[in-house]
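Asks: Structure in structure tokens, see below.
The values are calculated or read from the model by the stated rules, or taken from the named source; none is laboratory data. Since we're looking at a predicted model, the values are computed, not measured. Because the Cβ atoms are built from the backbone with ideal geometry, glycine has one as well, and the counts that use them run over all protein chains shown. Side chains are part of the model used for accessible areas, which takes the heavy atoms of the whole protein and leaves out ligands, DNA and RNA. Shrake-Rupley method; radii C 1.70, N 1.55, O 1.52, S 1.80 Å.
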Amino acid sequence: MERAEAGEINSNECENESRKKKMSEEFEANIMDSLVDMPFATVDIQDDCRITDEPQINLKRSQENEWIKSDQVKKRKKKQKDYQPNYFLSIPITNKEIIKGIKIVQNAIIQQDERLAKAMVSDGSFHITLLVMQLLNEDEVNIGIDALLELKPFIEERLQGKHLTLPFQGIGTFGNQVGFVKLAEGDHINSLLEIAETANRTFQEKGILAGDSRSFKPHLTFMKLSKSPWLRKNGVKKIDPDLYEKFISHRFGEEILYRIDLCSMLKKKQSNGYYHCESSIVIGEKNGGEPDDAELVRLSKRLVENAVLKAVQQYLEETQNKNKPGEGSSVKTEAADRNGNDNENNRK
């Protein structure tokens with residue numbers, strides 16, 4: 001057997017190496033072709049054994065999100081810190097029976113402790129607060145008025161032509177600091193809650209800071225110690241339940257929801273003791289009973305204005321008739337004719 005020369009061996013080895021390399025490249029190409037059809041084809045295969053940049057990107061995004069959330073929380077806290085309600089939606093209490101009953105309670109409490117006279121709410125200010133809000137300028141007040149006007153059709157649709165009657169019975173307190181007449185239990189509370197929630201949503205959708213952290217509890221305040229800091233300095237730190245014990249279940253009467261006012265907490269009150277009112281909506285028509293004081297005032301003004309207008313018109317008509325050409329001479333002629341006839345008659 002002849003031994004292959006060294007050159008031939010090297011040549012064979014090169015061919016073998018070349019063949020192996022070619023097979024390897026074809027095998028890798030086949031694998032790559034099959035990988036393209038797989039769900040993870042978009043992943044860079046060169047990085048399949050290394051840590052890719054994706055977690056780092058996610059980490060950066062997570063940090064950015066945390067910074068954004070933190071900034072939003074700071075802004076929200078600042079808004080809450082600066083949020084001082086200065087306007088509110090008011091349901092005025094005009095039923096004279098309710099007002100009379102509250103005055104009786106107030107007087108009974110004052111008789112037991114005269115110092116509490118300074119904590120009493122005046123009868124012209126009795127109301128139910130539906131919503132509190134912050135209106136910082138005239139533009140925001142106008143937005144608030146628009147929001148109030150938008151409530152009217154919703155409330156009337158909710159009531160479907162019926163009156164919402166609010167019965168008051170019993171007395172309660174908030175932390176023995178605020179005394180109020182309770183709204184009796186019943187379906188009317190759910191209706192009032194729905195109106196309050198819609199009002200809150202309507203104002204907030206218009207960019208108005210509205211509502212507070214406490215749950216809405218409709219009530220009719222008749223006294224609050226905060227009205228006079230002097231009380232605390234003189235030892236009156238709470239409202240003693242014994243002071244109103246006799247009225248704990250007293251029925252005060254019913255108020256029909258017929259008006260909602262947008263009122264200012266800070267502007268000067270009206271002459272009747274009620275708050276400065278920016279705008280109002282009337283819900284249906286007020287039912288039965290005698291007109292309240294505000295309605296009587298409006299009616300009196302209207303009657304006076306009509307009487308004055310009628311007198312002015314009559315005066316103008318008389319003045320115009322006197323100044324019409326020819327009328328003055330005709331009057332004189334008629335007077336002269338009458339005088340002539342009289343003279344003739346006298347002669348006869």
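Asks: Looking only at region 105-159, count how many residues are open to solvent by less than 70 Å² (accessible area, probe 1.4 Å), part of a loop (DSSP other than H, G, I, E, B) and not hydroxyl-bearing (Ser, Thr, Tyr).
Replies: 4
Asks: Right, here's the next one. Could you run through region 252-280 and say how many residues are more than 14 Å from Phe88 (Cα to Cα), part of a strand (DSSP E or B) and hydrophobic (A, V, I, L, M, F, W, C)?
Replies: 2
Asks: Would you check which residues across region 89-104 are of a type in the set (Val, Ile, Thr) and in a helix (DSSP H, G or I) and list them?
Replies: Ile98, Ile99, Ile102, Ile104
Asks: Tell me, which residue of region 237-252 that is open to solvent by 70 Å² or more (accessible area, probe 1.4 Å) and of a type outside the set (Asp, Glu) is nearest to Leu166 (Cα to Cα)?
Replies: Checking each candidate, the answer is Arg251.
Asks: Something else: Looking at (1) over 13 Å from the mean Cα position of the chain (by Cα); (2) part of a helix (DSSP H, G or I); (3) among the hydroxyl-bearing types (Ser, Thr, Tyr), which is the one condition that is false for Ser215?
Replies: Ser215 satisfies every listed condition except (2).
Asks: Let me ask something else about it. Here is a check on your reading of the model: is Gln169 touching a His at 6+ places or on another chain (Cβ under 9 Å) and touching a residue at least 24 places away in the same chain (Cβ under 8 Å)?
Replies: It is true that Gln169 is touching a His at 6+ places or on another chain (Cβ under 9 Å) and touching a residue at least 24 places away in the same chain (Cβ under 8 Å).
Asks: Something else now. Can you go through Arg201, Arg214 and tell me which one is among the basic types (Lys, Arg), farther than 27 Å from Ala119 by Cα and surrounded by fewer than 18 Cβ atoms within 10 Å (Cβ to Cβ)?
Replies: Being among the basic types (Lys, Arg), farther than 27 Å from Ala119 by Cα and surrounded by fewer than 18 Cβ atoms within 10 Å (Cβ to Cβ) holds for just one of Arg201, Arg214, which is Arg201.
Asks: Would you be able to say whether some residue in region 222-230 is closer than 18 Å to Asp123 by Cα, open to solvent by less than 100 Å² (accessible area, probe 1.4 Å) and of a type in the set (Ser, Thr, Tyr)?
Replies: Yes, region 222-230 contains a residue that is closer than 18 Å to Asp123 by Cα, open to solvent by less than 100 Å² (accessible area, probe 1.4 Å) and of a type in the set (Ser, Thr, Tyr).
Asks: While we're here: Hey, among Asp123, Asp139, Asp146, which residue is out of contact with any strand residue (DSSP E or B) (no Cβ under 8 Å at 6 or more places or on another chain) and modelled with pLDDT under 95?
Replies: Every option except Asp123 fails the conditions.
Asks: Do the conditions hold for Lys237, that is, is it outside any helix (DSSP H, G or I) and closer than 30 Å to Glu138 by Cβ?
Replies: Against the criterion (outside any helix (DSSP H, G or I) and closer than 30 Å to Glu138 by Cβ), Lys237 does not qualify.
Asks: Limited to region 160-204, what total is found for residues that are assigned to a loop (DSSP other than H, G, I, E, B) and under 14 Å from Ile128 (Cβ atoms)?
Replies: Total satisfying the criteria: 2.
Asks: So which of Glu285, Glu290 ends up being more than 21 Å from Phe154 (Cβ to Cβ), assigned to a loop (DSSP other than H, G, I, E, B), open to solvent by 60 Å² or more (accessible area, probe 1.4 Å) and modelled with pLDDT under 70?
Replies: The conditions single out Glu290.
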